[in-house]
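The values are calculated or read from the model by the stated rules, or taken from the named source; none is laboratory data. Model, not experiment: these values are computed from the prediction. Backbone-built Cβ (ideal geometry, glycine too); neighbour counts: all protein chains shown. Ligands, DNA and RNA are stripped out before the accessible areas are found, and what is left, the full protein with its side chains, is counted by its heavy atoms. Shrake-Rupley method; radii C 1.70, N 1.55, O 1.52, S 1.80 Å.
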Amino acid sequence: MDDLLATGRLKLSPAGAHLTSTDTDHGELFYLSSTTKHGEGNALRGGVPVIAPWFADLLDLTPRHGWARTSPWRVTVDKVGLEASMVEGGMALRLTVAELSDGVRLELTVSNESDTAKTVQLAFHPYFLVTHPGKVEVGGLDGVQVLDRVSEKEATQEGDLEIEGEYDRIFLDSVPVTITDPGKKRVITIRPDGADSTVVWNPGRDLAADMADIGTGEWADFLCVEPALLGEDQQGVEIADGETRRISMEVTVAPLAD
């Protein structure tokens, strides 16, 4: 990955405006697959993919997760972070990434520069580096309505999340979430703004075995906790011509108290 741009403790690929690394005093924040493809047209597995202008297959559009994460972006770098931008189909995307003393902050905006309304979804898809998804405590989502995309059932979350096997759930609220990791002796806090949902995902052993861009056994090295703007019934939000929508995510890490 010779084309990676670096500033401070951040690294970013111009292909997809993809943050690949954020080092901190308490270790690297993000997992990056040992077998992922790289470069324009490829979706890196790991780091923080930018998801736009739709999420997964919720709007029945291709490619999955939109075109932003595989497109070239124009990137500028300064001493405190990076800024990336691109325009496609009348939609102007802008990403800012700022290093914090204890983590990183990302903000994504989409502006409708066409003369017709657009339906969009936006998300960050961070792959947090963990000891094991089944050995961390994920807090903050107690009492939130949840859609299980594996079982296709709806429920209300009770207590902390228990991650086991394939896990793909959309929580219908956007709230601060914590990942308490005793193995790494740290707590990661994700604070979203402008989102309306929280997606939590890990493929589990069986699904990951069929995914060439996840190294052998590496499914156990990450957990995705994703702030997302999905819209009512996950059908997107409409932005009029000249209108802008934004989401942001602040990630901080602290030592786990004894």
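The ratio of the alpha-carbon radius of gyration of the chain to the globular-protein estimate 2.2 N^0.38 Å is 0.95. For the chain, the relative contact order works out to 21 percent when only alpha carbon pairs closer than 8 Å and six or more residues apart are counted. Taking 7 Å steps out from each Cα toward its Cβ at residue 148 and residue 6 produces label points 4.4 nm apart. Approximating the spin labels as points 7 Å out from Cα along Cα→Cβ, the residue 132-to-residue 220 distance works out to 0.5 nm.
Given R0 = 25 Å, the distance between the Cβ atoms of residue 232 and residue 79 translates into a calculated FRET efficiency of 0.05. In the context of the full set of protein chains, region 13-143 has a per residue accessible area of 39 Å² (1.4 Å probe). Peptide packing: for 29-40, 209-220, the average count of neighbouring Cβ atoms within 10 Å per residue gives the ranking 29-40, 209-220, highest mean first. Applying the Karplus relation 6.51 cos²θ - 1.76 cosθ + 1.60 with θ = phi - 60° to region 20-28 yields 3J(HN,Hα) values of 9, 7, 9, 7, 9, 5, 10, x, 4 Hz, where x marks Gly and Pro. Remark: relative contact order (region 101-211) = 24 percent; criterion is Cα-Cα distance under 8 angstrom and separation of 6 or more residues. Accessible surface of residue 85, taken over heavy atoms with a 1.4 Å probe and every protein chain present, rounds to 30 Å².
Within the accessible area of the chain, what % is carbon and sulfur when the probe is 1.4 Å and the other protein chains stay in place? Ligands and nucleic acids excluded, carbon and sulfur give 44 percent. Shape verdict for region 113-178, please, from the Cα gyration tensor: rounded (a/c under 1.5), prolate (a/b greater than b/c) or oblate. The shape class here is prolate. The alpha-carbon of residue 185 sits under 18 angstrom from the alpha-carbons of these lysines, leaving out residues fewer than 8 places away in its chain: 135. Rounded if a/c is under 1.5, else prolate if a/b is larger than b/c, else oblate: which is region 218-258, with a ≥ b ≥ c the root eigenvalues of its Cα gyration tensor? Here region 218-258 falls in the prolate category. For region 48-128, applying the loop criterion from DSSP together with a ceiling of 10 other beta carbons within 10 Å to the GluC sites (Glu not before Pro) yields no site. Give the aspartates and glutamates reachable from residue 11 as a straight Cα distance under 19 Å; neighbours fewer than 8 places away on the same chain don't count. Within the straight-line limit of under 19 Å, residue 11 reaches these aspartates and glutamates: 2, 3, 23, 25, 28, 40, 78, 83, 99, 102, 107, 250.
Using a simple spin-label model with pseudo-atoms 7 Å out from Cα toward Cβ, residue 96 and residue 206 lie 4.6 nm apart.
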